[in-house]
Amino acid sequence: MTRYLVHFCVVLLLLIYGADVALAQSERQLYATIATGPTYSPGRWLALQLTLRNETSQPVDGSVITDMQTPAGTYQLVRPVYVPARSLVRVPMLASFPVPDPNARQTDRAKPIALFFWRSADGAELARQELLAQADTKSSSGDHTGLPGVLLASIVDVPSNSELDEVADFAGALQAGAGYPVTPGSPLSPEQAMRRDTSFDACRIVTIDQESLDKLDSVQRDALLSHVRGGATLLVLAHDLSVGGSWIAPHLPLDIVGERESPVLETAQFGQIKLRRVATHHIAIARPEATVVASNSENALA
């Protein structure tokens with residue numbers, strides 16, 4: 001009888017301990033996502049967003065930790081973060097993930113590619129979260145980088161479901177004209193836009209509208225310009241560039257000379273691109289140092 005009683009007490013203590021651990025972890029939660037959406041370019045630096053929630057009455061001074069696999073070995077990434085009591089904190093993080101095992105079963109679903117741990121200063125585990133993503137393993141883009149396709153990042157003033165559809169349509173049109181895969185990422189608001197040029201590493205093409213341009217702070221502007229100067233393509237969806245005054249105007253390779261409205265974008269290089277609605281097209285003349293990649297006449301860019 002005594003033996004059964006001892007066994008019962010041990011089981012009860014384990015259940016209580018397990019409940020306490022589960023409660024503690026539910027009071028501290030960690031979420032990890034890729035800023036540009038669930039598709040990632042293997043081997044390129046990615047901008048991640050970590051969301052940490054602390055529902056307890058005590059602040060947490062700790063770190064988020066994950067392993068990064070590279071051809072040279074495995075490295076541990078550590079992101080120190082302080083979360084006040086009863087608070088939610090979002091912090092950026094950079095990471096890179098390898099090409100998936102070619103022998104593994106391929107599916108169209110997102111898979112766990114990394115495991116993140118939130119630990120306190122004394123090393124205790126507070127929460128953990130798997131990062132789910134789908135590798136972009138399409139055919140090579142054919143350029144000197146050898147990237148498996150190109151990721152399109154879109155910065156819009158108010159991201160919405162309709163923006164997702166428009167970004168996907170635009171990526172399809174670019175892919176048809178460019179001849180290599182263009183994968184659309186999730187639209188970012190100006191507040192979510194990257195603050196380091198390395199964070200743009202996986203995004204060879206970036207689109208941004210005029211409202212978002214003016215909402216970027218100086219750090220975000222410098223990061224975007226540095227990325228473009230490094231060889232990326234920036235497509236400005238302009239609404240009032242003809243008025244002037246935009247900080248991006250001196251960096252554009254063109255001068256606005258007029259505008260027109262049309263539901264179709266006519267290009268000599270890529271043919272006719274149909275839009276979802278009538279849009280204002282700015283007519284521009286390329287500056288002497290510019291290279292025209294899409295035009296509807298000898299000099300005018302749509």
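The values are calculated or read from the model by the stated rules, or taken from the named source; none is laboratory data. As the structure is a prediction and not an experimental result, all values here were calculated from the model. Heads up, the Cβs are rebuilt from the backbone with ideal geometry, glycines too, and the neighbour counts pull from every protein chain shown.
Looking at Leu94, Leu115, just one residue is at pLDDT below 90, among the hydrophobic types (A, V, I, L, M, F, W, C) and either touching a Leu at 6+ places or on another chain (Cβ under 9 Å) or assigned to a strand (DSSP E or B) (or both), and that residue is Leu94. Of all residues in segment 237-269, exactly one satisfies the criterion of being within 22 Å of Thr291 (Cα to Cα), modelled with pLDDT of 80 or more and either aromatic (Phe, Trp, Tyr) or in a strand (DSSP E or B) (or both), namely Trp247. Considering (1) assigned to a strand (DSSP E or B); (2) in contact with an Asp or Glu (Cβ under 8 Å, 6 or more places away or on another chain); (3) surrounded by 13 or more Cβ atoms within 10 Å (Cβ to Cβ), the lone condition that Asp67 does not fulfil carries the number (2). Candidates Ala32, Ala127: the one that is within 24 Å of Ala202 (Cβ to Cβ) and either in contact (Cβ under 8 Å) with a residue 24 or more places away in the chain or under 24 Å from the mean Cα position of the chain (by Cα) (or both) is Ala32.
Restricting attention to segment 124-141, and to residues there that are touching a strand residue (DSSP E or B) at 6+ places or on another chain (Cβ under 9 Å) and outside any strand (DSSP E or B), which single residue is modelled with the highest pLDDT? If you could, list the steps in order and put the result at the bottom.
Quick first cut of segment 124-141, residues touching a strand residue (DSSP E or B) at 6+ places or on another chain (Cβ under 9 Å) only: 124-136, 138, 141.
Going one step further and asking which of them are outside any strand (DSSP E or B), we end up with 124, 136, 138, 141.
Working: Ala124: 94, Asp136: 75, Lys138: 58, Ser141: 45.
Across segment 124-141, the extreme among qualifying residues is Ala124.
Somewhere in segment 206-225, is a residue outside any strand (DSSP E or B), at pLDDT below 80 and either more than 22 Å from Ala168 (Cα to Cα) or in contact with a Cys (Cβ under 9 Å, 6 or more places away or on another chain) (or both)? No.
Residue-wise test of (1) under 12 Å from the mean Cα position of the chain (by Cα); (2) closer than 15 Å to Pro38 by Cα; (3) buried (at least 17 other Cβ atoms within 10 Å of the Cβ); (4) modelled with pLDDT under 75.
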residue	(1), (2), (3), (4)
Val158	no, no, no, yes
Asn161	no, no, no, yes
Asp165	no, no, no, yes
Ala168	no, yes, no, no
Gly172	no, no, no, no
Ala176	no, no, no, yes
Gly179	no, no, no, yes
Ser186	yes, yes, yes, no
Pro190	no, no, yes, no
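Residue count for segment 1-54 under the criterion of being more than 30 Å from Pro184 (Cα to Cα) and modelled with pLDDT of 80 or more: the result is 3.
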